[in-house]
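Trainee: This structure is in structure tokens; I'll ask about it shortly.
Any read-out appearing in this document is the output of simple, stated calculations on the displayed coordinates, not a laboratory observation. Since the structure is predicted, the reported quantities are computational estimates derived from the model, not experimental observations. Here the Cβ positions follow ideal geometry from the backbone for every residue, glycine too, while neighbour counts run over all protein chains shown.
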Amino acid sequence: MKLAVLLAALIAAAIHAQTSGPTMKAIVAHQWDGPEVLKVEEVPLPQPKENEILIKSFAAGVNSFDGTLLSGKYAKVFGTQLPWIPGYDVAGTVEKVGANVKKFKTGDPVYAFISIPNGGGYAEYALAKENQAALKPATLTFAEAAGVPSVALTAWQSVVDKANVQPGQTVLVQGASGGVGMFAIPIAKIRGARVLATASTANQDFLKQLGADVAIDYKTQKFEDIAKDVDVVVDGVGGETLKRSYPIVKKGGILVGLVGRVDQAELDKYGIRGVSLEAEYNGDQLAEIGKLIDAKKVKVVVAETFPLADAAKALAKANTGHARGKIVLKVRDEPK
Ligand SMILES: NC(=O)c1ccc[n+]([C@@H]2O[C@H](COP(=O)([O-])OP(=O)(O)OC[C@H]3O[C@@H](n4cnc5c(N)ncnc54)[C@H](OP(=O)(O)O)[C@@H]3O)[C@@H](O)[C@H]2O)c1
């Protein structure tokens with residue numbers, strides 16, 4: 001009997017040794033809910049497919065959208081599945097490349113916006129498709145770089161792709177002292193626009209530092225008293241702020257909504273265009289944004305960093321919607 005038990009244990013150990021490969025630490029959700037369900041776990045190290053790179057992560061960006069997905073309310077819409085590793089923004093070095101990858105080689109410093117629903121950013125290693133990544137801006141630390149991809153692409157796709165902002169136009173950025181605003185303000189300025197931006201009292205100076213011509217305090221001022229006949233609104237707030245934004249756009253102008261859906265009847269009523277943006281990964285645009293950062297035309301501000309193990313705290317902070325700049329997870333020490 002004892003021999004049989006010993007044999008069974010030996011066979012189990014042999015099978016385990018054959019099937020268990022290298023592992024990594026990751027933050028995993030086994031149920032949809034708030035940040036408190038996130039736990040540190042040892043999971044299999046992912047392996048890159050033909051068109052993917054495996055990134056050894058030094059830092060991961062944290063977005064309130066991660067919390068929106070973790071709630072599970074939009075699992076069907078976005079295709080997220082449990083167990084789920086959150087995180088779509090990663091900065092690190094290329095650890096391994098898939099057979100068809102041409103742009104990157106092992107050791108390259110990169111940053112990436114990983115596609116939804118895959119995620120997997122809150123981990124020691126993450127997979128990205130080749131066209132989701134770009135070389136990391138040389139002037140940034142990995143922690144700073146991790147704060148860039150999804151929000152900078154959102155700003156670029158709003159200001160450049162959708163609104164096609166032209167010199168001399170007026171742009172209002174609603175909710176401008178967080179991740180998206182940090183990029184939307186300077187990108188609109190680079191396009192030659194006059195930029196108005198909203199945030200609370202504590203962030204008025206910060207809006208100016210980001211390059212806003214006019215800072216509007218939503219706690220003490222009505223933005224429609226100051227922003228009139230604007231060519232473009234980029235709305236990162238939604239709700240009442242979005243509703244009140246239609247009438248201030250001049251005829252033929254455009255409202256780019258980042259939160260909820262823009263209302264076609266309201267657009268028609270005011271003779272304006274509108275789009276509900278869904279930011280998309282784009283390695284080429286990330287490379288362009290990197291050039292602006294390295295040329296010091298765009299600043300990157302990290303509000304706070306947390307160790308990977310404190311991902312739940314970091315996400316709770318991001319979920320408040322009041323970070324100044326970006327919340328970032330430090331996955332390992334920056335290389336010397
Ligand atoms: N559709 C897309 O593809 C897409 C992509 C990225 C982000 N988003 C969404 O866009 C929103 C903004 O993203 P983010 O990363 O920039 O968020 P964030 O970093 O949390 O920043 C939110 C900003 O909104 C300001 N704010 C809060 N309430 C406001 C109000 N009533 N009026 C004006 N400003 C207000 C905050 O300033 P104070 O702290 O001073 O209040 C802060 O500057 C989020 O809801 C996010 O989920 C959508």
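Trainee: How much length is gained if the chain between Thr139 and Glu304 is pulled fully straight, taking 0.36 nm per residue apart and subtracting their Cα-Cα distance, in nm to one decimal?
Mentor: 57.5 nm
Trainee: So for Val234, Val249, fewest C-beta neighbours within 10 Å to most, what's the order?
Mentor: So the ranking, lowest neighbour count to highest, is Val249, Val234.
Trainee: Another one. I need the peptides 209-216, 30-37, 239-246 ranked by packing, meaning the mean over residues of other C-beta atoms within 10 angstrom, with the highest value on top.
Mentor: In descending order of packing, they fall as 209-216, 239-246, 30-37.
Trainee: Could you work out the Rg to Rh ratio of the stretch 151-276, with Rh taken as the Kirkwood radius (inverse of the mean 1/r over all Cα pairs)?
Mentor: On the way: Rg = 12.7 Å, Rh = 13.8 Å.
Taking Rh as the inverse mean 1/r over Cα pairs, Rg/Rh reads 0.92.
Trainee: Just from its helices, what would the mean residue ellipticity at 222 nm be for the chain, if runs of 4 or more DSSP H residues each count -39500 (n - 2.57) and the sum is divided by every residue, rounded to the nearest 500 deg cm²/dmol?
Mentor: Working: 12 runs with 97 residues, N = 336.
Estimated from H runs of four or more residues: -8000 deg cm²/dmol.
Trainee: Name the residues whose placed amide hydrogens come within less than 5 Å of the amide hydrogen of Lys96, ignoring near sequence neighbours (fewer than 5 apart) on the same chain.
Mentor: Leu54
Trainee: Fully extended, how many nm does the chain gain between Lys105 and Glu50 (0.36 nm per residue separation, minus their Cα-Cα distance)?
Mentor: 18.5 nm
Trainee: Right, something else. Among bridges DSSP assigns within the chain, what percent are antiparallel (round to 5)? Please report the intermediate quantities before stating the final value.
Mentor: Details: 33 of 59 bridges.
Roughly 55 percent of the beta bridges in the chain run antiparallel, per DSSP.
Trainee: How much of the pair distance distribution for the stretch 30-147 lies past 18 Å, counting alpha-carbon pairs only, in percent?
Mentor: Here the long-distance tail beyond 18 Å is 49 percent of all Cα pairs in the stretch 30-147.
Trainee: In whole Hz, what ³J(HN,Hα) sequence does the stretch 309-325 give by Karplus (6.51, -1.76, 1.60; θ = phi - 60°), x for Gly and Pro?
Mentor: 4, 9, 4, 4, 5, 4, 5, 4, 5, 4, 5, 5, x, 9, 6, 9, x
Trainee: Calculate one ³J(HN,Hα) per residue across the stretch 105-120 by plugging θ = phi - 60° into the Karplus curve 6.51 cos²θ - 1.76 cosθ + 1.60, and present them in order as whole Hz with x for glycine and proline.
Mentor: 10, 3, x, 4, x, 9, 9, 8, 9, 6, 5, 7, x, 3, x, x
Trainee: If packing is taken as the average number of other Cβ atoms within 10 Å across a peptide's residues, how do 263-276, 142-155, 315-328 rank, most packed first?
Mentor: 142-155, 315-328, 263-276
Trainee: Moving to a separate point now. Against the longest alpha carbon principal axis of the chain, how many degrees, from 0 to 90 and to the nearest 10, is the axis of helix 2-19 turned?
Mentor: It is inclined by approximately 40 degrees.
Trainee: Checking the cross-link filter: which aspartates and glutamates have an alpha carbon closer than 17 Å to that of Lys297, excluding same-chain neighbours under 8 positions apart?
Mentor: Glu144, Asp213, Glu288
Trainee: Also, quick follow-up: Quick check on the stretch 217-268: take the gyration tensor over C-alpha atoms, sort the square-rooted eigenvalues as a ≥ b ≥ c, and tell me if it's rounded (a/c under 1.5), prolate or oblate.
Mentor: oblate
Trainee: Output ³J(HN,Hα) for the stretch 177-185: one whole-Hz value per residue in order, computed from phi by the Karplus curve 6.51 cos²θ - 1.76 cosθ + 1.60 with θ = phi - 60°, and x for Gly and Pro.
Mentor: Values per residue, Gly and Pro as x: 9, x, x, 5, x, 4, 9, 5, 4 Hz.
Trainee: Additional query: To the nearest 0.05, what FRET efficiency results for Gln31 and Glu240 with a Förster distance of 30 Å applied to their C-beta separation?
Mentor: 0.40
Trainee: Once the piece of chain linking Ala265 and Asn131 is laid out straight, how much longer is it, given 0.36 nm per residue of separation minus the C-alpha distance between them? Walk me through the numbers on the way to the answer.
Mentor: Numbers: separation 134, 0.36 × 134 = 48.24 nm, distance 3.69 nm.
Answer, rounded to one decimal: 44.6 nm.
Trainee: For a quick check: with amide H placed at 1.01 Å from N, whose amide H comes under 5 Å from Ala133's, ignoring anything fewer than 5 positions away on the same chain?
Mentor: It is Gly283, by chain and number.
Trainee: How many nm separate the modelled label positions at Arg332 and Ala295, each set 7 Å beyond the Cα in the direction of the Cβ?
Mentor: If labels sit at Arg332 and Ala295, their model points lie 3.4 nm apart.
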